[in-house]
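Just so it is clear, none of the values below were taken in a lab; they were calculated from the coordinates. Since the model is a prediction, treat every value here as computed from it, not as a measurement. When we count neighbours, we look across all protein chains shown, and the Cβ atoms used for this are built from the backbone with ideal geometry, even at glycine.
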């Protein structure tokens, strides 16, 4: 099955946020797409999540994703990222396996709803949500820090359904242990397979 590495973070230095975003979108994503076996790198931001930024790194398999953790390219990209960590007060990392999809099983460059819970019943109603562009359901293989939710659902939302997505967030945010965010697309890099 396909692998997905997710990073969600909160940047806490407002006066450097523009510079951070420019660096992340133009330099860090370009460095990360050099990681062997990585197929795509995408970046999103949210106005309704406590973790404003989300990055998705796609792999053809879980095995490829796990092997990439020790690659020299990833280590180089992370060493450059280290200079920003003093301005990041919260970060979550998820290494995920795709277990179900409605669509081509691909992440899209569009608005998306991110939901995560360790209790899969919290996400059942969301998984049956109709009218979305794509629906992807993942199971966590590993998280950092440990103890993050083990079930993740990503829904790509057409713009006319934004209000419904916000209603879902309002409802699900009342449940203990649920992570969420409605994220807007910022940028992406796709590895040329030729």
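In segment 1-115, Cα pairs under 8 Å separated by at least six residues give a relative contact order of 43 percent.
Summarising the label geometry, the points placed 7 Å from Cα in the beta-carbon direction at residue 26 and residue 1 lie 3.9 nm from one another. The alpha-carbon atoms of segment 3-187 define a convex hull whose volume equals 112 cubic angstrom per residue. A full extension of the chain between residue 166 and residue 130 corresponds to an added length of 11.5 nm, given 0.36 nm per residue minus the alpha carbon distance.
From largest to smallest, the equivalent ellipsoid semi-axes obtained for segment 94-194 from the alpha-carbon gyration tensor read 21, 19, 12 Å. Our helix-only sum for the chain, with -39,500 (n - 2.57) per DSSP H run of n ≥ 4 divided by its residues, gives a mean residue ellipticity at 222 nm of -5500 deg cm²/dmol.
Measuring between their Cα centroids, segment 69-98 and segment 109-155 lie 21 Å from each other.
Packing, taken as the mean count of other beta carbons within 10 Å per residue, orders the peptides 95-103, 141-149, 40-48 from highest to lowest as 40-48, 95-103, 141-149. Which length gain, in nm to one decimal place, applies between residue 121 and residue 141 when the Cα-Cα distance is subtracted from 0.36 nm times their residue separation? Going from the current span to full extension adds 5.3 nm. On the principal axes of its alpha carbon atoms, segment 64-138 extends 42, 28, 25 Å, with the longest extent given first.
Taken over the Cα atoms of segment 16-111, the convex hull encloses 119 Å³ per residue.
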